[in-house]
Amino acid sequence: MAKKKKTVSVAVNPYEMPEKNKKEGDIGNVVRWIQFQLDIKITGEYDKATVEAVKSFQAAHALPVSGIVDKLTRVVLADMK
């Protein structure tokens, strides 16, 4: 009897990765990319919930905690999925 191979499903982020820093008040697909990477509700609005999720992510990954997705945070986020 042949063994079934396990398959792993990897979600590919369909949104555009931001090239510049993103902060509270920003909107659009680049914010959706951030929210997708953080596995939070995707609204396209960099709201308080996104700020808090970014801060938690930064703290958990020994990054400077600012709530702003800067270059270093983007690099680490990009490696998440």
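Miscellaneous remarks
- Springs join every pair of Cα atoms under 10 Å in this Gaussian network model of the chain, and among Val65, Val51, Val12 the largest mean-square fluctuation is at Val12.
- Dipole orientation for the chain: of the candidates Met80, Val30, Val69, Met80 has the Cα lying most toward the positive pole (charges on Cβ; Lys, Arg +1; Asp, Glu -1).
- Cut-off 12 Å, label 7 Å out along Cα→Cβ of Ile27, residues of segment 37-81 by amide N: 44-47
- For the pair Val12 and Asp39, the difference between a 0.36 nm per residue extended length and the Cα-Cα distance amounts to 8.5 nm.
- Charge tally in the Cβ shell below 11 Å around Gln35, where Lys, Arg are +1 and Asp, Glu are -1, Gln35 excluded: 0
The numbers here are math on the coordinates, done by the rules we state, and not lab data. Because the structure is predicted, anything quoted here is derived from the model rather than measured. Because the Cβ atoms are built from the backbone with ideal geometry, glycine has one as well, and the counts that use them run over all protein chains shown.
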